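K.L.:
Structure below; questions to follow.
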Amino acid sequence: MSFEQLQQTQTAVQKQVTVAVAAAEDLLVLEAVRRAREEQLCDFLLYGDRHKLFDTLEEHTPELLKDDHVTCVHTSDEVIACQQAVRAVRQNEANVLMKGNVPTSTILKAVLNKEHGLRSGKLLSHVAIFEVPGYDKFLYITDAGMNIAPTLEEKQHILQNAVSIAHKMGVELPTVAPLAAVEVVNPNMSASTDAALLTQMNRRGQIKGCIVDGPLALDNAINQKAAEKKGIHSEVAGNADILLVPTVESGNILYKSLIYFASAKVGAVIAGAKAPIVLTSRSDSSESKWNSLLVAIKTAEDML
Ligand code: COD
């Protein structure tokens, strides 16, 4: 699967998805909105400051102002824009939440608000989907963006969130590699002991819907020859769908290495909330915002 194929399947289906964008006055976000409307992929509720939003729309994407499938809602500041976009999702007026020109912490506050937010009782976590040149399927990396130093229990939830996204993307039984620096258990490396425990939890049915095997180092998780050289024989080694990274730093470094050194394409969502959330950072390209939107719409399907 590639993002191009994902786009083709999504535009062919024509579902009734509405995306609520908080603080939509962001050029790259509006570029993704314009592209989505061109493909008639979904409808939009754009929340933002009247002057900034309308000026940006008029200057860069005037066609969106005349589009009946795009509704603009004036909000006096970015906090209210986040609250209202979250409320639209909570009240089922929208099926996906997307971050615009607002700090991540501001929108996460609205999402995590106990009374008015989008908590579902699960841990929220970041799932990034990569199209890597030379790897013949999507590679999922989690959590490279939200949970800083997850405990074993949090890793279990992070893993389960990624498995759920992979299922919705059409991977029936994803293979999961909990990564460490080595492929043997070293009691001094908590990433390796956690990986072994997650593997056993999967074997005992505590983690379902996937095959977990670890610890694995990155090379033997994604490269068959590297796995063979180390004498590792498993359904996961050399063939991982999902890489579970030990910390946000290791995930973030892997994420950026793939983009900058390997020209990988990425789309990402926050999973575990009442609806998928597109939370790309302001430095992300318009293409990655577009890919993230495609993933969010695809994974919102079963919530419609
Ligand atoms: N899932 C569900 N609930 C959560 C989560 C989560 N992942 N994180 C916090 N909560 C709940 C807590 O239970 C609590 O009720 C409330 O939210 C506030 O919790 P705090 O005080 O721990 O939350 P914050 O605001 O201090 O931290 C949450 C962040 C997600 C902002 C924080 O974990 C963070 O900064 N993560 C790293 C983001 C980042 O810098 N990424 C870098 C690459 S983009």
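K.L.:
What number goes with the only condition from (1) within 16 Å of the ligand (Cβ to nearest atom); (2) surrounded by 15 or more Cβ atoms within 10 Å (Cβ to Cβ); (3) not hydrophobic (A, V, I, L, M, F, W, C) that GLU115 does not pass?
P.N.:
Going through (1) within 16 Å of the ligand (Cβ to nearest atom); (2) surrounded by 15 or more Cβ atoms within 10 Å (Cβ to Cβ); (3) not hydrophobic (A, V, I, L, M, F, W, C) one by one, GLU115 breaks only (2).
K.L.:
Can you find, within the range 2-28, the residue that is surrounded by the most Cβ atoms within 10 Å (Cβ to Cβ) among those that are at pLDDT below 90 and within 21 Å of ASP68 (Cβ to Cβ)?
P.N.:
GLN10
K.L.:
Identify, please: which residue in the range 90-107 is open to solvent by 10 Å² or more (accessible area, probe 1.4 Å) and either touching a strand residue (DSSP E or B) at 6+ places or on another chain (Cβ under 9 Å) or more than 15 Å from VAL29 (Cα to Cα) (or both) and is, among those, farthest from the ligand (Cβ to nearest atom)? Steps first, please.
P.N.:
Pass one, the range 90-107, residues open to solvent by 10 Å² or more (accessible area, probe 1.4 Å): 90-93, 95, 101, 103-106.
Imposing the further condition that a residue be either touching a strand residue (DSSP E or B) at 6+ places or on another chain (Cβ under 9 Å) or more than 15 Å from VAL29 (Cα to Cα) (or both) reduces the set to 90-93, 95, 101, 105-106.
Values: ARG90: 16, GLN91: 21, ASN92: 21, GLU93: 23, ASN95: 20, ASN101: 16, SER105: 5, THR106: 10 Å.
Selected residue: GLU93.
K.L.:
What single numbered condition from (1) closer than 17 Å to VAL236 by Cβ; (2) more than 16 Å from the ligand (Cβ to nearest atom); (3) within 16 Å of the chain's Cα centre (by Cα) fails to hold for LYS208?
P.N.:
(3)
K.L.:
Identify the residue in the range 132-150 that is away from the ligand (no atom under 12 Å from the Cβ) and more than 13 Å from the chain's Cα centre (by Cα) and, among all such residues, is surrounded by the most Cβ atoms within 10 Å (Cβ to Cβ).
P.N.:
VAL132
K.L.:
Determine, yes or no, whether LEU124 is within 11 Å of the ligand (Cβ to nearest atom), open to solvent by less than 40 Å² (accessible area, probe 1.4 Å) and in contact with a strand residue (DSSP E or B) (Cβ under 6 Å, 6 or more places away or on another chain).
P.N.:
Values: within 11 Å of the ligand (Cβ to nearest atom): yes; open to solvent by less than 40 Å² (accessible area, probe 1.4 Å): yes; in contact with a strand residue (DSSP E or B) (Cβ under 6 Å, 6 or more places away or on another chain): yes.
Yes: the conditions hold for LEU124.
K.L.:
Can you name the condition, by its number, that ASP284 falls short on among (1) surrounded by fewer than 23 Cβ atoms within 10 Å (Cβ to Cβ); (2) part of a loop (DSSP other than H, G, I, E, B); (3) touching a Lys or Arg at 6+ places or on another chain (Cβ under 9 Å); (4) in contact (Cβ under 8 Å) with a residue 60 or more places away in the chain?
P.N.:
Result: ASP284 passes all but (3).
K.L.:
For LEU108, work out the one condition from (1) modelled with pLDDT under 95; (2) among the aliphatic types (A, V, I, L, M); (3) farther than 17 Å from ALA268 by Cα it doesn't fulfil.
P.N.:
Every listed condition holds for LEU108 apart from (3).
K.L.:
Restrict the check to the range 218-226 and report whether at least one residue is over 20 Å from PHE130 (Cα atoms), at pLDDT 95 or above and either in contact with a Gly (Cβ under 8 Å, 6 or more places away or on another chain) or open to solvent by 60 Å² or more (accessible area, probe 1.4 Å) (or both). Can you show your working first?
P.N.:
Pass one, the range 218-226, residues over 20 Å from PHE130 (Cα atoms): 225-226.
Still in the running and at pLDDT 95 or above: 225-226.
Keeping just the survivors that are either in contact with a Gly (Cβ under 8 Å, 6 or more places away or on another chain) or open to solvent by 60 Å² or more (accessible area, probe 1.4 Å) (or both) gives 225-226.
Yes - at least one qualifying residue is present in the range 218-226.
K.L.:
I'd like to check something: does the range 261-280 contain any residue that is open to solvent by 10 Å² or more (accessible area, probe 1.4 Å), out of contact with any helix residue (DSSP H, G or I) (no Cβ under 6 Å at 6 or more places or on another chain) and in a helix (DSSP H, G or I)?
P.N.:
There is at least one residue in the range 261-280 that is open to solvent by 10 Å² or more (accessible area, probe 1.4 Å), out of contact with any helix residue (DSSP H, G or I) (no Cβ under 6 Å at 6 or more places or on another chain) and in a helix (DSSP H, G or I).
The values are calculated or read from the model by the stated rules, or taken from the named source; none is laboratory data. Only a predicted model underlies this, so the values are computations on that prediction, with no experimental measurement involved. Ideal geometry is used to build each Cβ from the backbone, glycine not excepted, and the neighbour counts take in all protein chains shown. Calculation scope for accessible area: heavy atoms of the full protein, side chains included, ligands and nucleic acids excluded. Shrake-Rupley method; radii C 1.70, N 1.55, O 1.52, S 1.80 Å.
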